[in-house]
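Input: a single structure, listed below in structure tokens.
The values are calculated or read from the model by the stated rules, or taken from the named source; none is laboratory data. None of these values were measured; they are calculated from a predicted model. A quick note on method: Cβ atoms are made from the backbone with ideal geometry, for glycine too, and the neighbour counts reach across all protein chains shown.
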Amino acid sequence: MNAITQNPRTPTALFILGPTASGKTALALALAQSRPIEIISVDSALVYRGMDIGTAKPTLTERALCPHHLIDIIEPTESYSAAQFAADATRLIHEIDARGNLPVLVGGTMLYVKALLEPLTELPESNAEIRADIDAQAKQHGWAYLHAQLAQFDPITAERLKPTDAQRINRAIEIYRVSGKPMSQWWAEDTRTHTLPFTPILTALIPEPRSLLHERINQRFLNMIEQGFLNEMHDLRARGDLTVDMPSMRCVGYRQAWEFLEGTVDYDTFIDKGQAATRQLAKRQMTWIRGMPEIQTFAQLDVKGLNQLL
């Protein structure tokens, strides 16, 4: 991991992180009642326009309570990288601070957090021709076959990727074909230090016991369906410009809803798979958080507790 230093004269940024359904948004909006804040979304699903119910996007009423940023900024056909997020969030932190407000980063996309707090390794630029060739091989042989290929020349990267992680497998193979050097070696050779242009206060909500979080996740998924999630998914598929392999459609819940509307799974299976995928996401988020140095985790946290940290 790259070394990180902080400059105490830079803006303060409060992070409210945590697994999905842990209550992060409600806590941030409660804080907005006690001091002037602006919320920066740290959620890779909230960037997409037209994906509202299945992402548990804050409502227009909630967003009216204080300014929100990095929500509804791209179409589901487009992509938004961790590097783009880091650049946008850094700019916003300074702009919000200059307005006399507290920047509050709320969400659970931990790759975004990592990109913001640590310098990204400078990897080779993307090569469209090579990526297209890799995609063609995947259509012919499957991603599990390419994952096995990756393991031959970059076992470290292959170990951390699932055989179904098409986007990251493609990028890892592309990097090797472009540079002749595995992605894991690029990371290992990056020894830069990094001075943060802001001072982070890192907090995370992790409800206990775990069963409580699972109950919230399961109920929220059912609530989404009652609110019209399947109608939202039907409208997205009807656009005609989306495919199930796009990053937007790989968001938790959307892939499972696509399968149901396509007729490959029944309704009960859709519910079970959607809830299970969300629980797995929460588990990954908590693993990331527990591995972060200097983060303060809370089973419950109120506005008074937050203000004491500031």
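Values as computed for the structure displayed
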| item | result |
| --- | --- |
| Odd one out for THR203, checked against (1) more than 21 Å from the chain's Cα centre (by Cα); (2) at pLDDT 90 or above | (1) |
| Residue count, segment 154-208 (criterion: within 30 Å of ILE134 (Cβ to Cβ) and of a type in the set (Ser, Thr, Tyr)) | 6 |
| Any hit, segment 243-264, residues being assigned by TED's automatic domain parsing to the domain that holds ILE74, basic (Lys, Arg), out of contact with any His (no Cβ under 9 Å at 6 or more places or on another chain) and within 25 Å of GLY54 (Cα to Cα) | yes |
| Index of the failed condition, LEU123 passing every other in (1) under 30 Å from ILE71 (Cβ atoms); (2) not in a loop (DSSP other than H, G, I, E, B) | (2) |
| Hits in segment 240-257 (condition: over 22 Å from ALA21 (Cα atoms) and without any contact (Cβ under 8 Å) to a residue 40 or more places away in the chain) | GLY240, THR243, VAL244 |
| So ALA138, is it modelled with pLDDT of 95 or more and not assigned by TED's automatic domain parsing to the domain that holds ARG279 | no |
| Which numbered condition GLY100 misses (of (1) under 24 Å from PRO197 (Cα atoms); (2) assigned to a helix (DSSP H, G or I); (3) not hydroxyl-bearing (Ser, Thr, Tyr)) | (2) |
| Neighbours by Cβ (under 8 Å, 6+ apart or cross-chain): first from segment 151-169, part of a loop (DSSP other than H, G, I, E, B); second modelled with pLDDT of 90 or more and loosely packed, with under 15 Cβ neighbours inside 10 Å | PRO163/ALA144; PRO163/ALA148; THR164/ALA144 |
| Scope segment 45-61; condition buried (at least 22 other Cβ atoms within 10 Å of the Cβ) and polar (S, T, N, Q); matching residues | THR55 |
| Residue satisfying condition, being closer than 30 Å to GLN308 by Cβ and β-branched (Val, Ile, Thr), within set THR195, THR157 | THR195 |
| Qualifying position, being within 17 Å of ILE217 (Cβ to Cβ), exposed (fewer than 13 other Cβ atoms within 10 Å of the Cβ) and not basic (Lys, Arg), among ALA277, ALA299, ALA257 | ALA299 |
| Qualifying residue in segment 38-53 (condition: under 30 Å from TRP187 (Cα atoms) and free of Cβ contacts under 8 Å to residues at least 60 places away in the same chain) | yes |
| Enumeration of residues in segment 280-296 that are farther than 19 Å from ILE217 by Cα and either small (Gly, Ala, Ser) or buried (at least 20 other Cβ atoms within 10 Å of the Cβ) (or both) | GLY291 |
| Tabulated pairs, segment 296-309, first part of a helix (DSSP H, G or I), second basic (Lys, Arg) and at pLDDT 90 or above, C-beta under 7 angstrom, 6+ apart or interchain | none |
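Each row is one residue, and each column tells you yes or no for (1) touching a residue at least 12 places away in the same chain (Cβ under 8 Å); (2) surrounded by 13 or more Cβ atoms within 10 Å (Cβ to Cβ); (3) among the polar types (S, T, N, Q); (4) assigned by TED's automatic domain parsing to the domain that holds ALA45.
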| residue | (1), (2), (3), (4) |
| --- | --- |
| ALA86 | yes, yes, no, yes |
| THR90 | yes, yes, yes, yes |
| GLU95 | no, yes, no, yes |
| ASN101 | yes, yes, yes, yes |
| VAL104 | yes, yes, no, yes |
| GLY107 | yes, yes, no, yes |
| LEU111 | yes, yes, no, yes |
| LYS114 | yes, yes, no, yes |
| ASP133 | no, yes, no, no |
